[in-house]
Amino acid sequence: MANEDLISDATSCYAVRAKDGTAVEIGPIADGEHAQLFPIFAGVVAAFEGYPHAPPLTRQSYDQTFLEPVTIVVVARIDGRVAGAYYLKPNFLGRASHIANAGYVVGAAFRSKGLGRLLVADSIERAPLVGFDAIQFNLVFASNPARAMYRELGWQEVGVVPAAVDGEDAIIYHRFVGQTAPTTGNPTTGNPTTGNPTTGKQTTGN
């Protein structure tokens, strides 16, 4: 069953199977689950995986990422525990606030199950339900292995930030979402026109 058949509104919660057969529940974060998500994100930050935050993660940095201001946080649960999550929030103010920014995390103990792909696919369907018509990633490290998945799922590389973090280039990705979404003009299928992104870090977009 496709995600659009499972997500009827922004609060939808549904069960799916990970690629290894593990039962996964996906839905908006519940009260109290931020206490489970914090150490997952702290682990991602400590490992320098995809986010520019400097370790150790502080509660203030966590709140600024996953709480304020955030339109929605959706989690993947395995056996009732948070295994991964993503957020959606306006990427810009005012007239450009229809464009979302998103960031994805998967706990180290739950990798290689395809949870990142499940969360990304969910965000594509859920974003229009909370008022967005596009999702843009501002800072995807050139070495992030999720770049191939982003392209496969419809994102296009629209720019590059040279030497963004510790000398590494960061790629800007854009994707329209929603049933009437247009296509981005002049799509690229490989590297942007500047910089030399390589492939090789963890499923995040931010």
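The values are calculated or read from the model by the stated rules, or taken from the named source; none is laboratory data. All values reported here derive from a predicted model rather than from experimental measurement. Please note: Cβ atoms are built from the backbone with ideal geometry, for glycine as well, and neighbour counts cover all protein chains shown.
Listed by first and then second residue, the pairs with beta-carbon distance under 8 Å, at least 6 apart or on different chains, first residue in the stretch 129-141 and on the phi < 0 side of the Ramachandran plot, second surrounded by fewer than 20 Cβ atoms within 10 Å (Cβ to Cβ) and hydroxyl-bearing (Ser, Thr, Tyr), are VAL130/THR71; PHE132/THR71.
Of THR203, THR199, THR180, all but one fail to be surrounded by fewer than 19 Cβ atoms within 10 Å (Cβ to Cβ) and at pLDDT below 70; the exception is THR199. Counting the residues of the stretch 80-123 that are in contact with a strand residue (DSSP E or B) (Cβ under 7 Å, 6 or more places away or on another chain) and assigned to a helix (DSSP H, G or I) gives 8. Taking the numbered list (1) closer than 27 Å to SER143 by Cβ; (2) of a type outside the set (A, V, I, L, M, F, W, C); (3) in contact with a Leu (Cβ under 6 Å, 6 or more places away or on another chain) in turn, TYR87 passes all entries but (3).
Residue-by-condition table, conditions (1) modelled with pLDDT of 95 or more; (2) of a type in the set (D, E, K, R); (3) in contact with an Asp or Glu (Cβ under 6 Å, 6 or more places away or on another chain):
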| site | (1), (2), (3) |
| --- | --- |
| ASP79 | yes, yes, no |
| SER97 | yes, no, no |
| GLY107 | yes, no, no |
| LEU118 | yes, no, no |
| ALA134 | yes, no, no |
| PRO145 | no, no, no |
| ALA163 | yes, no, no |
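Right, VAL75: among the β-branched types (Val, Ile, Thr) and touching a helix residue (DSSP H, G or I) at 6+ places or on another chain (Cβ under 6 Å) or not? Steps first, please.
Numbers: among the β-branched types (Val, Ile, Thr): yes; touching a helix residue (DSSP H, G or I) at 6+ places or on another chain (Cβ under 6 Å): no.
The answer is no for VAL75.
Among the residues making up the stretch 55-66, a single one is of a type in the set (A, V, I, L, M, F, W, C) and in contact with a strand residue (DSSP E or B) (Cβ under 8 Å, 6 or more places away or on another chain): PHE66.
Can you tell me which residue in the stretch 106-158 is surrounded by the fewest Cβ atoms within 10 Å (Cβ to Cβ), limited to those that are farther than 17 Å from ILE172 by Cβ and charged (D, E, K, R)? Filtering first and then ranking leaves GLU152.
If the condition is being surrounded by fewer than 17 Cβ atoms within 10 Å (Cβ to Cβ), under 20 Å from GLY27 (Cα atoms) and of a type in the set (Lys, Arg), then the stretch 40-83 contributes only ARG81. Within the stretch 58-79, the set of residues being small (Gly, Ala, Ser) and not in a strand (DSSP E or B) comprises SER61 only.
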